[in-house]
Every structure is written in structure tokens, then in C-alpha cells.
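Structure first, commentary second.
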Amino acid sequence: MMKPVPRLWVVIPVTFVFCLFVLFQLQISNLFGKNLQITHQVNNFFISIASSSHQQTPNPTRFANESDGNRAKQPEEEETCAGRYIYMHNIPSIFNDDIIQDCKTLIKWFTMCPFMVNSGLGSQVSLSDNKTARVLTSKTGSWYATNQFLLAVIFRERMKHYECLTNDSSLASAFYVPYYAGFDVSRHLWGYNTTVRDELGIKLAKWLRERPEWRKMNGRDHFFVTGRIGWDFRRGLDDDSAWGSKLMLLPEFSNMTMLSIETTAWTNEFAVPYPTYFHPKSLSEVRRWQRKVKSVKRRYLYSFVGAPRPNMDGSIRGEIIKQCLASHGRCKFLDCNKGQDCDNPVKVMEVFQRSVFCLQPRGDSYTRRSIFDSILAGCIPVFFHPGSGYNQYMWYFPKDYKKYSVYIPEKGMKDGTVSLRSLLGRIDWGSIVRMRNEVVKIIPKIIYTKPGLVGPEKIEDAFEIAVDRVIERVAMVKRMMEEGKYLQSEYSQTRDLKKLE
């Protein structure tokens, strides 16, 4: 019987020929002064050598469509990403980066430039002094002066590092459009006509409509994120005095799903948390913070962070401030009209940390950012309208609102029949502890962590939950389309008022 021929004598000459071939290509490159790449034939040649040795086909690497933030997938990740792939459109820069280039003009009343650093997280909070270290976690580098309007920038940066991002659109379960719609409209809210306010949205709609990925479901598998409320994109009249843009009334965008910090009760809008000041880099860091806020001593029965408004007589906010100031030290009021206290993460978090209950009346709209800052501090939120929390953040809050919050109907506050000090003071300590424990459980769900967390330290944060829910929604709509069902219930242009009541 013949002995098996050693494979070494085959590999050595083949490798030698391959090296000569590469050197020849490089020599040609030098002769002609061009940066020639090794041809596709060389790549196939190398793969054929590898396959002859290992008898397997290499997996193609899939990464983000956008050039920055790409990360190669490992084989085990390919399995975990099945049904979870997201394709991020590489839209022209006029729809995102160019918009925030002039950061001084994005908001009429103040510059956004200080908040743009660190990929939209804002400037890092220094923990050099004792008070800061006492209020926040010590020397973690995870606290930032984050502005609520930066959600779109923060979300896009997270998406660049999403573990299931792909540049193969055929694998995608959903398509992300990184359009800074909020900043596009905010820079044109005052002193601009409707044509200017609508211009970029109309251009982007045309750009998307011409993409092959759009035709798959006519845009119903597409979504975008904005750091402004839904009302800013539903201007019903082409009148220069009317508010906002008509972005969500465009046929293309009415087929898409919008994630915003507050919905307006249309069925293709979903609310996601306002950004907080805390952007941890590990699950263990979140656990430490949860233990801290559960054990901290709370001096005040309740608190309110907000600004008095002119002619507040008879308003809920006016009644809250009035009762707070007359509470003989049981309530802490942080006046946002005095200095810059409400832009200071340490001062805001200190008030919420030292309070058992945090009052959350409607702000300029249904919701307010302090809902999430207070939850982060382990403070039990007190709502006065269902549309401020319960019927907004349904992906994030428990269905049973009594587990984690107190609800006081607006009517009792308006007519002055409710005493906050008396009502909140009657809640027994056992109930307070149970509610606080539920609040602390919510914390990981409402924060936006730093990009790149994987493995056991990965956190199912607000970003992860939003992406998962969008994928689930697209899958549901796809089934409805395949079954020939009517889609108007999921993309209705009629506002469901009951959704916020």
C-alpha cells in the first residue's frame, strides 16, 4: 500500500508561487506610479489555498454602511444577530452633519455648541470636589452635561456600534435613517417661512424613495429618531405663522416609524426616554449606582424642579410651587429661572436624590425631561396626567403605574382641593419602599450607555429596547402585508386622543 503523500511539499511551492505573484503586482504598481490593489484573482487564489487546507468556506465580514464606527462580526455574533440586523442608510451629510455644523444657530435662545462634544453627550462632569463625588458616583467618567435635544446624535453614535449593524440590506430587519430632523426644524422655527422649514424633509423623502431598500416595504420598515416632540413635525397648515414642519405628513414619512421624546398619539410614533446625565460603560457600574440611590437618606417629602411662569394663578404648576413654598421645609423647589442651576447635573441630581417623591406636572408639552432625571435618582415620580408618562413610555414603564408612581388627577390641583403634603405624607413607609425598589429597577431601561458594550457587561438600555421594539413592529407589519391585512391601523393619519388620556 502506498503511503499518504506529505502535504508540506505541496504547500511550500504553492506559497512560493503566490509570493512571486504578489511581488510581480507590486513591481507593476511601482513601474506605472499607481496605487494598484491586489486583484480579485489574488484574493481567490489565497482563498483556494485556505480552503484546500481547511476544507471550509470563510464567512464574509458584514459591517456598517456608514464608514465610521464599523466593527467586524465574529461567527457566534452572526447567529445571535439572526432577525436583528439593522441597515443604516448612508444619507448625504446635508441631512445630519452639515445641520449641526453651525451649532450656534440650532436653538434661537442659546448655543448648542457646548453640548455637541463627546458625540453628543456634552462635557464630562468633573468629580474633583467633594460635593460632586458625594452626589454622583466617584470617578467613573460616566456623568455628562447632556442636553435633551441631542438624542438623535447620541442614537446615531450608538447605532454605529450596534452589534448587528450590516451593510447587506438583504439581511436587514429594519432600516435606520440618521436624519437630524429635530435640529433641522429647530433652526427654522422662528423667522422662517414654511418652504424653508420643509425643504430638507422633502429632499430626503425623494432620496429615500429612489433607494432600492425603500421598495421592499415602501418605507414601512424604516425608522428615524428625534430629540424633539412629535408636534414639531405635524404642521397642518401651510401658513408661516403655524408651528413646525409637515415632515410626518409627507407620504414617505407617514409610512415610517418615528421615535421621539414625546409622541402626539399617531400610531406610527413611539416615545423613547429623554437623555439623562448618566452614560455608564458597564453593567456593574449601573448596579453600584442602583445600590447608592436605594440607600441614600432623603430629607424632603417631595420636590419640584421647574420655572415659574407669568399668570400662573389657577395653573397646576402655580399651585405646586405655592404649596411647595408653604410646606415648612417638607418640599424642595429648584427655581429654573434663577441662575443656571437646572443645567447643572450635580444640583439637579442632588435635589432628586434627597426627595422621596418628585412632582412631574405637564411642562411646555405633556412630558418633561425631569421624569427621567428623577427616576435615575431613585425618586418616586408623581404624575398629574396620563399623557405625561403612562401613555407615552409604554416600552419602558411597567403597565401597573401604581407599582412605581403616584397619580394625582389635574382637577384636584386646579381647584385647590388636594394638599400634596397631606396626600403624600399619608403613604406608608412599606409602600414607599416597594415603589422605590420598582423605580430603581427601571433605571437601566431609561439610560443611554456608552457605545461598544458587549458580553456580560452589556446593558439592555433605552437604545437596545427601542431597536428591539422597532424590529418587532416591522415584523408584525410585514406579516400583515403578507396576509393582505389593512395597514391603516398602524400608519393612521388620524390622531387617537384616547392614547394620551
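The values are calculated or read from the model by the stated rules, or taken from the named source; none is laboratory data. Just so we're clear, the structure is a prediction, and the values are computed from it rather than from any experiment. Counting neighbours? That spans all protein chains shown, and the Cβs are built from the backbone with ideal geometry, glycine included. To get the accessible areas, we keep the full protein, side chains included, count just its heavy atoms, and leave off ligands, DNA and RNA. Shrake-Rupley method; radii C 1.70, N 1.55, O 1.52, S 1.80 Å.
Evaluating 6.51 cos²θ - 1.76 cosθ + 1.60 at θ = phi - 60° for every residue in segment 346-358, the Karplus couplings come out as 5, 5, 5, 5, 5, 4, 5, 5, 8, 10, 6, 10, 10 Hz, glycine and proline recorded as x.
Extension gain, D364-V117: 0.36 nm per intervening residue step, less the Cα-Cα distance, totals 86.3 nm. Restriction of the GluC sites (Glu not before Pro) in segment 173-242 to DSSP coil positions whose beta-carbon has at most 14 other beta-carbons within 10 angstrom yields E210. Shown in residue order for segment 194-203 are the 3J(HN,Hα) couplings computed by the Karplus curve 6.51 cos²θ - 1.76 cosθ + 1.60 at θ = phi - 60°: 5, 4, 5, 5, 9, 4, 5, x, 5, 5 Hz (x for Gly and Pro). Rounded, prolate or oblate for segment 358-408? Axes are the square roots of the Cα gyration tensor eigenvalues, ordered a ≥ b ≥ c, and the cut-off for rounded is a/c under 1.5. Verdict is rounded for segment 358-408.
In the context of the full set of protein chains, residues of segment 302-413 present 39 Å² of accessible surface per residue (probe radius 1.4 Å, heavy atoms only). In this simple spin-label model, placing a label point 7 Å from the Cα along the Cα-to-Cβ direction at both T417 and Y192 gives a separation of 4.7 nm.
Which of the trypsin sites (Lys or Arg not before Pro) found in segment 112-173 are in a DSSP loop and have at most 15 neighbouring Cβ atoms, other than their own, within 10 Å? Please report the intermediate quantities before stating the final value.
Numbers: sites: K131, R134, K139, R156, R158, K160; in loops: K139.
Answer in residue order: K139.
Taking K399, K411, K108 and ordering them by how much accessible surface each has at a 1.4 Å probe, largest first, produces K399, K411, K108.
Label-to-label distance for H328 and D400 is 3.6 nm, based on points extended 7 Å past Cα in the beta-carbon direction. Computed from backbone phi, the HN-Hα couplings of segment 227-235 come to x, 10, 7, x, 4, 5, 10, 10, 6 Hz, rounded to whole numbers (Karplus: 6.51 cos²θ - 1.76 cosθ + 1.60, θ = phi - 60°; Gly and Pro given as x).
At a 1.4 Å probe radius, carbon and sulfur cover how many percent of the accessible area of segment 221-370?
On the way: 2780 of 5680 Å².
The computed percentage sits at 49.
Check each of the chymotrypsin sites (Phe, Trp or Tyr not before Pro) in segment 127-184 and keep only those in coil by DSSP with at most 10 other C-beta atoms within 10 angstrom; list them in order. Answer in residue order: no site qualifies. Taking label positions 7 Å along the Cα-Cβ direction at both D98 and L237, the computed distance is 3.2 nm, reported to one decimal. The slack between K441 and M480, meaning 0.36 nm per residue of separation minus the straight C-alpha distance, is 10.6 nm.
Based on protein heavy atoms only, segment 219-277 ends up with 24 Å² per residue of surface accessible to a 1.4 Å probe.
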